[in-house]
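Comments concern the structure below.
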Amino acid sequence: ASQQLVGVVGLEVHAQINSNTKLFSGSPVRFSAPPNSLVSFFDASLPGTLPMLNRRCVEAAVMTGLALNCTINKKSYFDRKHYFYADLPAGYQITQQRKPIAVDGVLTYSYFGEKKRSQMIRKSVQIKQIQLEQDSGKSLHDDDRSQTLIDLNRAVGLMELVMEPEMKSGEEAAAAIRELQLILQALGTCQGNMSGQLRVDANVSVHRPGEPLGIRTEVKNINSIRYLARAIYEIQRQIDAVQSGRAVQNETRAYDSKSVPMREKEGLQDYFMPEPNLPALIVYEDNASLPTGIDPSQAVVVQKIKDRLPELPGVKRDRLVQTYGILPEHSFTLVNEDGLMEYFETLMKTTQREPRKVIGWVTNELLGHLKQRDMSVSQPISPAHLAELLKLQETGRISSSAAKQVFQEMWRSGGKTAWQIVQEQELGLVHDSAQLHSICQKVVDSHPDEVHAVRNGNKKVLNKLIGLVQKETKGRADPVLVKEILQ
Amino acid sequence: MFFFFYTDCPLERLALVDFRTKQGLECLEKAIRFADQLHVVDTTGIEPMDSVLEDRALYLREDTAVDGGCAEELLKLSRKTVEEYFVVPPGNIPLPKKEERSSMLKHSEL
């Protein structure tokens with residue numbers, strides 16, 4: 001019997017540092033600026049220019065390292081990685097290969113299980129290291145004229161995060177990247193937009209435990225988390241097919257991937273050498289370890305950065321569970337979706353209902369509609385309006401099913417209040433006993449057989465009678481009251 | 001010390017020395033033997049020096065924009081530009097093949 005195949009996924013993440021200027025030069029960092037307008041002599045690698053390290057980038061790397069439970073190397077070094085390409089005018093990239101600024105961290109993440117969708121699975125992946133490095137420029141290929149256009153604006157600071165190949169599937173990889181994105185955004189060290197600020201490369205392989213890894217495929221430049229999961233899944237499927245000797249069907253590869261046999265992993269061109277223009281980077285543990293007379297602008301103190309760390313997503317989730325008594329699964333969804341947590345907390349301020357009753361509306365109804373139309377939380381129904389709808393339901397003015405209907409209508413009409421819709425569509429529950437009584441009497445009179453069955457103990461038929469009453473009232477009768485009256 | 005031949009050795013390509021010829025090999029051996037002198041020095045317990053700046057402090061710059069905006073000057077340096085982009089050939093220009101190399105190097109010791 002063939003053993004179960006196990007996926008092996010290793011991720012390499014390049015996160016653009018959120019800073020005003022570049023890593024080694026004082027040129028501004030700006031999105032969508034005219035080509036080469038943000039380039040200094042150093043960025044163009046003119047001879048005689050020297051790198052000047054940006055303090056903010058160092059702090060960003062330390063902050064990110066601390067948030068990911070890394071050991072911060074008090075002394076780290078810069079190296080040159082040589083390779084030839086037109087968007088790297090110096091012929092080398094300044095990076096940290098020997099001793100990077102942070103090592104040995106952990107990223108914990110969760111995701112909803114496949115089999116039981118409401119079950120959350122917690123996993124963790126080790127972060128091998130975080131290093132500071134330059135980004136290259138951008139190349140635009142003009143195939144028609146057989147030339148390439150180079151824009152050197154992009155040579156900003158990057159944090160490269162290398163994760164150990166401990167993940168097994170596209171699902172795990174996607175969840176890990178989502179968590180990383182949330183952490184980086186909470187820290188403010190990277191804005192985390194996957195179409196450029198957060199670049200993910202995945203190495204994907206499949207093997208039977210105990211056997212050596214076979215084909216390994218590398219996927220680069222994935223620009224959304226959903227595609228990340230899909231691409232990895234597809235590749236694993238294909239590798240499995242090839243290794244099992246089955247023919248691979250003709251499928252269009254939508255992702256920029258190539259198969260790399262294991263042996264040829266190391267690039268033949270690039271080699272490393274210490275960066276001779278930069279001394280070692282020293283960061284200090286705390287104020288006590290600062291050398292006397294040092295200029296404070298020249299000292300990066302780890303303890304100070306640790307004290308300034310903002311609330312991380314994991315802590316946020318725990319806080320929501322503690323404060324509102326909701327399930328971890330719910331708080332996970334709240335934190336995972338942009339703006340949903342803020343929406344929920346605003347809603348809780350205006351409503352008297354219990355959090356556990358409200359959470360379903362937010363994570364199911366609201367989120368469901370948003371996802372269907374691919375919208376963000378700021379639209380259609382404000383927390384105040386939703387609070388009003390919930391109040392109507394709680395005070396018995398409308399039934400649960402009517403509430404859902406009203407919700408739909410509120411969504412569609414974009415701005416009408418719940419009460420407006422209830423009145424317009426006559427969805428309010430009928431509480432008038434006299435009216436209900438007469439309707440019930442009518443039903444009872446016209447269905448003598450059913451009444452007989454109920455009298456004889458058949459309770460199920462009672463439901464049928466209730467159903468008939470509901471039909472008469474177009475679903476507006478208070479079901480509890482109807483039951484009482486009929487009995 | 002022993003040598004073995006790759007059909008495509010990275011070092012060979014970068015050094016532009018042909019390892020297949022007797023002369024090329026002798027040149028390589030000479031170079032390595034020259035470097036062997038380093039072993040004479042006892043370096044146990046000493047961190048390798050990788051920069052003459054070992055006693056200097058790395059200067060940290062403030063994150064304020066003071067540079068950039070010299071697109072015009074820089075673009076002037078390029079032979080070909082198109083709408084503020086530098087224009088380059090579509091890929092790397094490969095190193096000369098072995099045959100071409102030998103004609104280029106026919107006057108040198110190598």
(request) Determine which single condition B:GLY68 fails, assuming it passes every other condition in (1) within 27 Å of the chain's Cα centre (by Cα); (2) at pLDDT below 90. (result) (1)
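Taking the condition of being in a loop (DSSP other than H, G, I, E, B) and exposed (fewer than 12 other Cβ atoms within 10 Å of the Cβ), how many residues in the range A:352-373 meet it? Don't jump to the end; show me each part of the working.
Pass one, the range A:352-373, residues in a loop (DSSP other than H, G, I, E, B): A:352-354, A:373.
From what is left, the residues that are exposed (fewer than 12 other Cβ atoms within 10 Å of the Cβ) are A:352, A:373.
Looking only at that region, the number is 2.
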(message) Name the single residue that is farthest from the other protein chains (Cβ to nearest Cβ) among those in the range A:139-191 being under 20 Å from A:VAL103 (Cβ atoms) and assigned to a loop (DSSP other than H, G, I, E, B).
(response) A:GLU166
(message) Out of A:ALA86, A:ALA61, A:ALA15, I need the residue that is buried (at least 16 other Cβ atoms within 10 Å of the Cβ), in the same structural domain as A:GLY170 (by TED's automatic domain parsing), among the aliphatic types (A, V, I, L, M) and in contact with a Cys (Cβ under 6 Å, 6 or more places away or on another chain). Which one?
(response) A:ALA15
(request) Read through the list (1) more than 13 Å from every other protein chain (Cβ to nearest Cβ); (2) surrounded by 14 or more Cβ atoms within 10 Å (Cβ to Cβ); (3) not charged (D, E, K, R), then give the number of the only condition that A:VAL106 fails. (result) (2)
(message) Could you check the range B:71-110 and list, in sequence order, the residues that are modelled with pLDDT of 80 or more and in a loop (DSSP other than H, G, I, E, B)?
(response) B:LEU77, B:SER78, B:ARG79, B:LYS80, B:GLU83, B:GLU84, B:PRO89, B:PRO90
(request) Only residues that are farther than 16 Å from A:ASN221 by Cα, open to solvent by 10 Å² or more (accessible area, probe 1.4 Å) and of a type in the set (Gly, Ala, Ser): list them for the range A:123-182, please. (result) A:SER124, A:SER146, A:ALA155, A:SER169, A:ALA175
(message) I'd like to verify a number: residues in the range A:287-336 that are open to solvent by 70 Å² or more (accessible area, probe 1.4 Å), part of a helix (DSSP H, G or I) and not aliphatic (A, V, I, L, M), how many?
(response) 9
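The values are calculated or read from the model by the stated rules, or taken from the named source; none is laboratory data. Computed from a predicted model, the values in this text were never measured in an experiment. Note that we place each Cβ from the backbone using ideal geometry, even for glycine, and neighbour counts take in every protein chain shown. Just so you know, the surface numbers come from the protein's heavy atoms only, side chains and all, with ligands and any DNA or RNA stripped out. Shrake-Rupley method; radii C 1.70, N 1.55, O 1.52, S 1.80 Å.
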